[in-house]
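Novice: Before I ask anything, let me first share the structure, which is written out below as structure tokens.
Laboratory data are not the source of any read-out in this text; all were calculated from the coordinates shown. Here the structure is a predicted model, which means the values were calculated and not measured. All Cβ positions, even for glycine, are placed from backbone atoms using ideal geometry, and neighbour counts span all protein chains on display.
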């Protein structure tokens with residue numbers, strides 16, 4: 001009988017001790033099960049210039065399985081066709097506005113180009129006509145334009161028309177003397193700017209090298225805007241971009257429409 005009472009007391013002590021031990025371990029279990037902070041995505045916006053003239057690589061670019069903005073030159077044989085096709089595929093459309101460069105042949109510009117010799121009214125008329133010629137356009141970016149984008153008089157008119165038409169402006173950054181950012185801020189025009197040209201040199205080796213530049217930029221920055229082209233480098237650029245998708249996503253990159261990068 002005494003042995004039984006002793007065992008009952010001993011059992012009660014063991015049960016109480018076990019309850020205390022389990023209770024003290026609960027906070028550790030809860031802490032361990034809490035989810036870690038999600039890693040912020042790196043946004044990547046792709047822009048493809050020079051649509052509108054049935055250029056090489058047009059079909060391959062249209063087949064890219066990511067969002068991109070199709071920058072379509074006005075007044076050319078496939079302007080409307082390319083803009084309509086891009087829109088049908090869910091891509092954003094820009095007016096790829098021909099603008100006078102510091103150096104270059106006039107015939108590279110195409111029809112309806114903006115030059116610094118034009119009067120204020122002529123600049124306005126050409127910008128408005130170009131917008132009207134490119135269906136579904138939600139913004140403008142410059143084709144060439146190193147001279148015009150550094151000219152405050154001309155760019156003030158261009159950006160004023162953008163504001164009136166509720167369009168944004170992408171500065172392709174063909175010159176480090178661009179006044180677009182300053183004027184856009186002053187006028188209240190939404191804008192952003194290019195970070196990397198994929199194919200400013202047309203060789204495949206250069207385009208592959210630029211793909212590494214894009215990767216480096218994505219690693220170091222929250223937002224990256226990349227410009228490529230149809231035309232002489234078009235098929236190579238489309239192929240390299242397609243191959244780069246898994247790598248950039250592996251770096252935390254998320255391909256987004258250009259409009260999401262507008263400030």
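Novice: Taking the chain as a Gaussian network, where each spring joins two C-alpha atoms under 10 Å apart, which residue of 136, 87, 206 fluctuates the most?
Specialist: Taking springs between Cα atoms under 10 Å, the residue moving most is 206.
Novice: A further question follows. On a full-extension model of 0.36 nm per residue, what is the gain between residue 219 and residue 103, subtracting their alpha-carbon distance, rounded to one decimal in nm?
Specialist: Net length gain for the segment: 38.4 nm.
Novice: With just the Cα atoms defining each centre, how far is segment 49-99 from segment 139-157? Give it in Å.
Specialist: One Cα centre to the other: 21 Å.
Novice: So which residue, out of 107, 85, 128, gets the largest mean-square fluctuation from a GNM of the chain using Cα contacts under 10 Å as springs?
Specialist: Most flexible of the set in this elastic network: 107.
Novice: Please report the antiparallel percentage of DSSP beta bridges with both residues in segment 42-261, rounded to the nearest 5.
Specialist: Looking only at bridges with both residues in segment 42-261, the antiparallel portion is about 0 percent.
Novice: Within 10 Å, count the other beta carbons around each residue, average over each peptide in 216-224, 97-105, 42-50, 165-173, and list them highest first.
Specialist: 42-50, 165-173, 97-105, 216-224
Novice: Would you list 191, 78 from fewest to most Cβ contacts within 10 Å?
Specialist: Lowest count first: 78, 191.
Novice: Another question, then. In whole percent, what relative contact order does segment 76-142 give with Cα contacts below 8 Å and a gap of six or more residues?
Specialist: The value is 47 percent.
Novice: Rank the residues 127, 214, 240 as a footprinting-exposure proxy: fewest other Cβ atoms within 10 Å of their Cβ go first.
Specialist: Arranged by neighbour count, lowest to highest, 127, 214, 240 become 240, 214, 127.
Novice: To the nearest 10 degrees, how steep is helix 120-133 against the longest Cα principal axis of the chain, on a 0 to 90 scale?
Specialist: 60
Novice: Now for a separate question. If you take the Cα atoms of segment 198-263, find Rg, then find the Kirkwood Rh from the mean of 1/r over all pairs, what is Rg/Rh?
Specialist: When Rh is taken as the Kirkwood radius, the ratio is 0.96.
Novice: Which whole-number percent gives the relative contact order of the chain, counting Cα pairs below 8 Å spaced six or more residues apart?
Specialist: 24
Novice: Percent of Cα-Cα pairs more than 31 Å apart in segment 42-261, please.
Specialist: The proportion of pairs with Cα distances above 31 Å equals 15 percent.
Novice: Given the -39500 (n - 2.57) contribution per DSSP H run of 4+ residues, what per-residue ellipticity at 222 nm results for the chain, rounded to the nearest 500 deg cm²/dmol?
Specialist: -14500 deg cm²/dmol
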